[in-house]
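The values are calculated or read from the model by the stated rules, or taken from the named source; none is laboratory data. Every value quoted in this text rests on a predicted model; they were computed, and no experiment measured them. Glycine also receives a Cβ, built like all others from the backbone with ideal geometry; neighbour counts cover every protein chain displayed.
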């Protein structure tokens, strides 16, 4: 699988009367994905700024909020940044990050599984060869080992 470099996009939202309108999960203290501790958009609520704007999507990874990095942030820190962000919120996001990261994790897990399967086949093959050799030796030489 070829790994492409993430494309980050800046999105500026106004909080508006109904709020920003999305939920987040993740953080270095409670990862949303097994292979990434970032902050991810998990739900876009209707009739709020994010839904009306249309650019932020479920599965996007939020890299920064108003210039504050979320790459190694705790969940509570990310929530605090959003609460204290003011009326205009500038986000740096990686569109579709969750899908990419899940595919990467699945591929790595699958490769590890194949490797273990191959090791099991090798062990089984060696056992068969040793068994045949023992049988042949015992039958032809009449020696009990």
I'm told residue 18 meets every condition in (1) at pLDDT 95 or above; (2) touching a helix residue (DSSP H, G or I) at 6+ places or on another chain (Cβ under 9 Å) except one. Can you identify the failing condition by its number?
(1)
Would you point out which residue out of 85, 78, 97, 51 is over 16 Å from the mean Cα position of the chain (by Cα) and buried (at least 19 other Cβ atoms within 10 Å of the Cβ)?
78
Every listed condition ((1) without any contact (Cβ under 8 Å) to a residue 12 or more places away in the chain; (2) assigned to a loop (DSSP other than H, G, I, E, B)) holds for residue 85 save (1)
Taking the options 67, 38, name whichever one is in contact with a helix residue (DSSP H, G or I) (Cβ under 9 Å, 6 or more places away or on another chain), at pLDDT 95 or above and within 30 Å of residue 15 (Cβ to Cβ).
38
All but one of (1) surrounded by fewer than 17 Cβ atoms within 10 Å (Cβ to Cβ); (2) outside any strand (DSSP E or B); (3) under 21 Å from the mean Cα position of the chain (by Cα) hold for residue 18; which doesn't?
(3)
As an exercise: evaluate residue 63 against (1) touching a strand residue (DSSP E or B) at 6+ places or on another chain (Cβ under 8 Å); (2) part of a loop (DSSP other than H, G, I, E, B); (3) closer than 28 Å to residue 108 by Cα and give the number of the one condition it does not meet.
(2)
